[in-house]
Amino acid sequence: MKILVAVKRVVDYNIKVYVKPDGSNVDIEGLKMSMNPFDENAVEESLRLKEKGIAREVVAVSLGNTLNQDVLRHALAMGADRAILVETDAELQPLAVAKLLKAVVERENPDLILLGKQAIDSDAGQAGQMLAALLNCGQGTYVSTINIENDEVIVTREVDGGTETLAISLPAVLTTDLRLNEPRFVKLPNLMMARKKQIETIAATDLGVVAEPRFNVLNVSAPPTRKSGIRVNSVQELLQKLSDLEGITL
Amino acid sequence: MNKLLKVLVLAEHDGAQLNTSVYQSVSAAQTWGAPVDLLIIGKATNAVAKQASSLAGLQRVLRVDAAHLEHLLAEDAANIIVRIANEYQAILAANSSFSRNILPRVAAMLDVAMITDVLQINGSNTYTRSIYAGNVISTVQSLDVTQILTVHASNFAITKQGADAEIVELEAPAISSKSRWLSQQQSQSHRPALSSAKVVVSGGRSLGSAEKFEQLLSPLANRLGAALGATRAAVDAGYAPNDIQVGQTGVVVAPDLYIAIGVSGAIQHTYGMKDSKIVVAINHDPNASIFQVADYGLVADLFEAVPELIASITPAH
Ligand SMILES: Cc1cc2nc3c(=O)[nH]c(=O)nc-3n(C[C@H](O)[C@H](O)[C@H](O)COP(=O)(O)OP(=O)(O)OC[C@H]3O[C@@H](n4cnc5c(N)ncnc54)[C@H](O)[C@@H]3O)c2cc1C
Ligand SMILES: Nc1ncnc2c1ncn2[C@@H]1O[C@H](COP(=O)(O)O)[C@@H](O)[C@H]1O
């Protein structure tokens, strides 16, 4: 089987972002960028399916400008067979991502399509479900185990209050939970090798997809901060303060 | 936005009862000042529909009942919603793994955007939500004719009861058959549900083992009638089950009292608890970032402070 895995380039999860003084947007200039953590889980799982002899080919795809080559190189260094960049300078919202990915799916015909459950910059959590809808295929979101049995994929989903197990007909779209696996570290020689590999580039405009924004960002701002608290020196003082200042008796 | 149509709320329930977040999503839906319908999908949903019909401000309770809808799949839920969507200006649900699984699929089928986890509804098509794990607040204006969103339930008031809305039965479309439900594992807990608990006791990696996590935090939670929460590090280390992870990628809570024990306060964690009314943090590192969101910070070794805390609390009855 063939697996297509979508990887997004985002501000590294360790970095705190700030808004521009004019409130027009987030200032990400010069910040460290990385592959979206959930997408790393998706790449890792694809590679494990290949190592088990279940998958034949793993193709990584990223949508965005040429800088996105770095996350594709990271996917190649982890072990992906091929990488595709759908190039555009446009700001892509989840519906546009889903439409562009659908066009790539139609070219590549994968049996399994893996995405992260959410991009940690926009925190939308939509693209996978939207892609499944556009492809009119089954979906498995927030998956923490993946097993292929005949022409179905069996997944465990992490849901509020527990887990759920589904069997989904292939081709299927899955979105990954962090618990799916622990992504491998990329070794330097592999990274060097990945530098030499070809990245196939497709202009988004050549895919015949209208990917215009469906909402406008009017402004961004820093969240309200909590009023600064106080330090207590002992458990007894804590209980006293909670009782005196908040009327809470524990 | 010219004509004010109606608003549809998708209800989450467990077959016996409505999820409490439904009460909040219904009041969010009333922001538009348009008639609100509540959609209940499932099997044998009589009692749930009856309960729903008492919510104030509902025009109708729509019931789609069929055997194959007992364990609802996103494909079937989306087909049901899309069938009736053209009557509605807005379709929403409380933000949860249930709604986030279904509504993006609906949005794509209708070729409209979805707005996830709305903190505030400002006018007919403008919304405030957070991005970057709560580090940035963004105000967006939708350009679509149909607004699809999930709302941050704890930010909205709880709808009153005592009304008597009409219950309308709708036929279920044919089963989609793209996936099959096999089983579920519900975590059994005698404690209140994490997402709606009044008090939450959360522990981090520093508890050191599943035994210690249980040994120290359980008695505290029991005495306070609290739900237990955990950091992702604690969950990853196997000290606590995944479904009690609080944070950006876990559950978002807003209790009256949140007690963070041995929690460093990573932004991904604080995203899930910073709307709590009162935050108490116990950490032995005076520079831990959890103290920046804590109303009461105690710099102490948790292995000493927690037993002392337990001993000082009057046991719950
Ligand atoms: C994409 C992504 C999503 C994530 N989502 C989440 C999420 O939803 N929720 C979440 O929680 N995390 C999430 N994380 C992980 C997050 O970044 C942190 O790694 C995690 O919250 C840290 O957990 P912790 O506080 O238990 O552990 P640590 O950061 O290791 O902190 C342990 C703390 O305990 C204190 N301590 C140690 N010993 C003692 C003692 N004896 N007494 C008192 N204090 C002590 C230390 O001073 C320290 O502050 C996510 C990460 C990523 C990359
Ligand atoms: N620009 C992009 N390029 C490739 N994949 C993307 C892109 N944006 C989103 N995705 C995929 O969609 C998932 C969910 O994104 P979102 O719906 O934006 O939270 C991500 O984890 C990625 O797998």
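Among residues of the range B:164-178 that are farther than 26 Å from residue B:56 by Cα, those with a Cβ under 7 angstrom from a residue that is of a type in the set (D, E, K, R), sequence gap 6+ or separate chain, pair up as B:173/B:83; B:175/B:76; B:176/B:75; B:176/B:76; B:178/B:75.
Among the residues of the range A:174-192, write down those that are within 12 Å of another protein chain (Cβ to nearest Cβ) and in a helix (DSSP H, G or I). Full working, then the answer.
Residues of the range A:174-192 within 12 Å of another protein chain (Cβ to nearest Cβ): A:174-182.
Across the range A:174-192, the qualifying residues are A:178, A:179, A:180.
Restricting the range B:236-265 to residues that are crowded, with 24+ Cβ neighbours inside 10 Å and more than 15 Å from the chain's Cα centre (by Cα) leaves a set whose member that is farthest from residue B:302 (Cα to Cα) is B:240.
In the range B:217-229, of all residues being closer than 17 Å to residue B:254 by Cβ and of a type in the set (A, V, I, L, M, F, W, C), the one that is nearest to ligand 1 (Cβ to nearest atom) corresponds to B:228. More than 16 Å from ligand 2 (Cβ to nearest atom), assigned to a helix (DSSP H, G or I) and within 20 Å of residue A:158 (Cβ to Cβ): is that true of residue B:195 in this structure? Yes.
Given the structure, is residue B:251 assigned by TED's automatic domain parsing to the domain that holds residue B:216 and modelled with pLDDT of 95 or more? Answer is no for this residue. Checked against (1) more than 9 Å from chain A (Cβ to nearest Cβ); (2) surrounded by fewer than 24 Cβ atoms within 10 Å (Cβ to Cβ), residue B:227 passes all but a single condition, namely (2). Taken together, the criteria exclude residue B:141 from residues that are under 23 Å from the mean Cα position of the chain (by Cα) and not in a helix (DSSP H, G or I). Is the range A:112-122 home to any residue that is within 8 Å of chain B (Cβ to nearest Cβ) and surrounded by 24 or more Cβ atoms within 10 Å (Cβ to Cβ)? Yes, the range A:112-122 contains a residue that is within 8 Å of chain B (Cβ to nearest Cβ) and surrounded by 24 or more Cβ atoms within 10 Å (Cβ to Cβ).
One residue stands out in the range B:101-117 among those that are surrounded by fewer than 24 Cβ atoms within 10 Å (Cβ to Cβ) and either of a type in the set (Phe, Trp, Tyr) or on the phi < 0 side of the Ramachandran plot (or both): the one that is farthest from the other protein chains (Cβ to nearest Cβ), namely B:110. Out of curiosity, is residue B:123 surrounded by fewer than 21 Cβ atoms within 10 Å (Cβ to Cβ) and either facing chain A (nearest Cβ under 8 Å) or under 23 Å from residue B:52 (Cα atoms) (or both)? Taking the combined requirement at face value, the residue does not satisfy it.
Residue pairs whose Cβ atoms lie under 7 Å apart, separated by 6 or more positions or on different chains, with the first residue in the range B:236-252 and free of Cβ contacts under 8 Å to residues at least 24 places away in the same chain and the second of a type in the set (S, T, N, Q) and within 16 Å of ligand 2 (Cβ to nearest atom), are B:249/B:268. Among the conditions (1) in a loop (DSSP other than H, G, I, E, B); (2) over 23 Å from the mean Cα position of the chain (by Cα); (3) within 12 Å of another protein chain (Cβ to nearest Cβ), the only one that residue B:180 does not satisfy is (1). Out of the range A:99-133, which residues are within 7 Å of ligand 2 (Cβ to nearest atom) and either of a type in the set (S, T, N, Q) or outside any helix (DSSP H, G or I) (or both)? Result: A:115, A:116, A:117, A:118, A:119, A:122, A:123, A:124, A:125, A:126. Scanning the range A:123-145 for residues that are away from every other protein chain (no Cβ under 11 Å) and surrounded by 24 or more Cβ atoms within 10 Å (Cβ to Cβ) yields one hit, A:143. Per the conditions (1) more than 9 Å from chain A (Cβ to nearest Cβ); (2) more than 28 Å from residue B:246 (Cα to Cα); (3) without any contact (Cβ under 8 Å) to a residue 60 or more places away in the chain; (4) of a type outside the set (Val, Ile, Thr), the sole criterion not satisfied by residue B:63 is (3). Name the one entry in A:31, A:76 that is over 18 Å from residue A:183 (Cα atoms) and away from ligand 2 (no atom under 13 Å from the Cβ). The match here is A:31.
Filtering the range A:223-241 for residues that are at the interface with chain B (Cβ under 7 Å from one of its Cβ atoms), among the β-branched types (Val, Ile, Thr) and in a helix (DSSP H, G or I) leaves a non-empty set.
Considering the range A:1-27 alone, what residues qualify as being more than 14 Å from ligand 2 (Cβ to nearest atom), within 12 Å of another protein chain (Cβ to nearest Cβ) and part of a loop (DSSP other than H, G, I, E, B)? Let's see the steps before the verdict.
The first filter runs over the range A:1-27 and keeps only residues more than 14 Å from ligand 2 (Cβ to nearest atom), leaving A:1-2, A:12, A:14-27.
Among the residues that remain, those that are also within 12 Å of another protein chain (Cβ to nearest Cβ) are: A:12, A:14-20, A:23-27.
Within the range A:1-27, A:12, A:14, A:15, A:16, A:17, A:20, A:23, A:24, A:25 qualify.
Counting only residues that are in contact with a Leu (Cβ under 7 Å, 6 or more places away or on another chain) and not hydrophobic (A, V, I, L, M, F, W, C), how many does the range A:171-195 have? Within the range A:171-195, residues that are in contact with a Leu (Cβ under 7 Å, 6 or more places away or on another chain) and not hydrophobic (A, V, I, L, M, F, W, C) number 3. Restricted to the range A:158-172, and to residues there that are more than 7 Å from every other protein chain (Cβ to nearest Cβ) and farther than 20 Å from residue B:98 by Cβ, the residue that is surrounded by the most Cβ atoms within 10 Å (Cβ to Cβ) is A:171.
Let's see how each residue does on (1) under 22 Å from residue B:267 (Cβ atoms); (2) in contact (Cβ under 8 Å) with a residue 12 or more places away in the chain:
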| site | (1), (2) |
| --- | --- |
| B:125 | no, yes |
| B:133 | yes, yes |
| B:136 | yes, no |
| B:157 | no, yes |
| B:160 | no, yes |
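Can you tell me which residue is nearest to the other protein chains (Cβ to nearest Cβ) among those in the range A:69-98 that are part of a loop (DSSP other than H, G, I, E, B) and small (Gly, Ala, Ser)?
A:90
The values are calculated or read from the model by the stated rules, or taken from the named source; none is laboratory data. Only a predicted model underlies this, so the values are computations on that prediction, with no experimental measurement involved. Note that we place each Cβ from the backbone using ideal geometry, even for glycine, and neighbour counts take in every protein chain shown.
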